[in-house]
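The values are calculated or read from the model by the stated rules, or taken from the named source; none is laboratory data. Since the structure is predicted, the reported quantities are computational estimates derived from the model, not experimental observations. Here the Cβ is made from the backbone with ideal geometry for all residues, glycine too, and neighbour counts use every protein chain on show. Side chains are part of the model used for accessible areas, which takes the heavy atoms of the whole protein and leaves out ligands, DNA and RNA. Shrake-Rupley method; radii C 1.70, N 1.55, O 1.52, S 1.80 Å.
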Amino acid sequence: MVSKEVITIALIDDHKLFREGVKRILSFEPSFEVVAEADDGYDAKEIVEKYQPDIVLMDINMPEMNGIEATKDLLQNNPDVKIIILSIHEDESYVTHALQTGAQGYLLKEMDTESLMEAIKVVYDGGSYLHPKVTHNLVQEYRKLVENKESSSGAGEIEYRKPLHLLTKRECQVLQLLSEGQSNRRIAETLVISEKTVKNHVSNILQKMDVNDRTQAVVTAIRNGWVEVF
């Protein structure tokens, strides 16, 4: 749980109109403060050293130094900084590259306010956060790899079974919807429960599965055949 009174944020994006929109959204959350902004990755290092922000929201496409290069450069000298990539690309190759470089989050620019707020809080608390659509794409790719591996080894397709030895029936439903890339709001609408209840279920799932975040929970569930992937 976030305990610091204010989470400081640096915003790096070459589109001023987009930056202004994000700043306006963040201004509605009293615990967030945008302390610096820039329009290119080259300026990120100077900004981080000067303002020491808790979170850096980093555009992936910038004219001089892109977000991936800037992330790598930042983390070499500031290993504690937490970076969330902002992108229009949902392809798993972009996501994988960003995460391998050291980013803790990956959001599509079509994100809603809920996703942005949640991503900042999750990453600040030490977790990782992927846009729901990105999570679904990664899960599909991971599923293909698993099936190919099982096929080549002659083991056949993974048997689907609900983890009722570990989770309640409702938690199994939530885990299934997480694997489909649904946000808390969509899960709440699907199951006709409140978002607060969904968040409680997700927290219980992470604790029982002994994982740090939603993405790890989904990958573990796929590996064990606990969810159906269509």
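Structure values in brief
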read-out: Solvent-accessible area per residue, Å², over segment 1-128 with all protein chains present [probe radius 1.4 Å]; value: 49
read-out: Rg(Cα) / (2.2 N^0.38 Å) computed for segment 7-135, rounded to two decimals; value: 0.92
read-out: Contact order normalised by residue count of the chain, Cα under 8 Å, 6+ apart, percent; value: 14
read-out: Neighbour cut-off at most 13 other Cβ (10 Å), DSSP loop, trypsin sites (Lys or Arg not before Pro), segment 162-230; value: none
read-out: Residue 100 paired with residue 203, simple spin-label distance in nm, labels 7 Å along Cα-to-beta-carbon; value: 3.6
read-out: Within the chain, longest stretch clear of exposed GluC sites (Glu not before Pro) (DSSP loop, no more than 16 other Cβ within 10 Å); value: 160-227
read-out: Percent carbon-and-sulfur accessible area, segment 169-224, ignoring ligands, DNA and RNA, probe 1.4 Å; value: 43
read-out: Solvent-accessible area of residue 222 with every protein chain in place, 1.4 Å probe, in Å² to the nearest 10; value: 0
read-out: Long pairs among 45/199; 133/196; 23/208, criterion Cα-Cα beyond 27 Å; value: 45/199; 23/208
read-out: Equivalent ellipsoid semi-axes, segment 30-76, via Cα gyration tensor eigenvalues times 5, rooted, Å; value: 18, 11, 9
read-out: Carbon plus sulfur fraction of accessible area for segment 72-130, probe 1.4 Å, in percent; value: 45
read-out: Among 119, 86, 41 the positive-end extreme of the charge dipole of segment 7-135 (Cβ point charges); value: 119
read-out: Ratio Rg/Rh [Cα only; Rh per Kirkwood] for segment 169-224; value: 0.93
read-out: Highest-fluctuation residue, 101, 71, 190 considered, GNM on the chain with Cα pairs under 10 Å; value: 190
read-out: Inter-label distance for residue 228 and residue 192, nm, one decimal - labels placed 7 Å from Cα along Cα-to-Cβ; value: 2.0
read-out: For segment 169-224, accessible area per residue (1.4 Å probe, heavy atoms of protein chains only), Å²; value: 50
read-out: Among 215, 187, 101 the positive-end extreme of the charge dipole of the chain (Cβ point charges); value: 187
read-out: Nearest-20 debye value, the chain charge dipole, Cβ charges on Lys, Arg, Asp, Glu; value: 1040
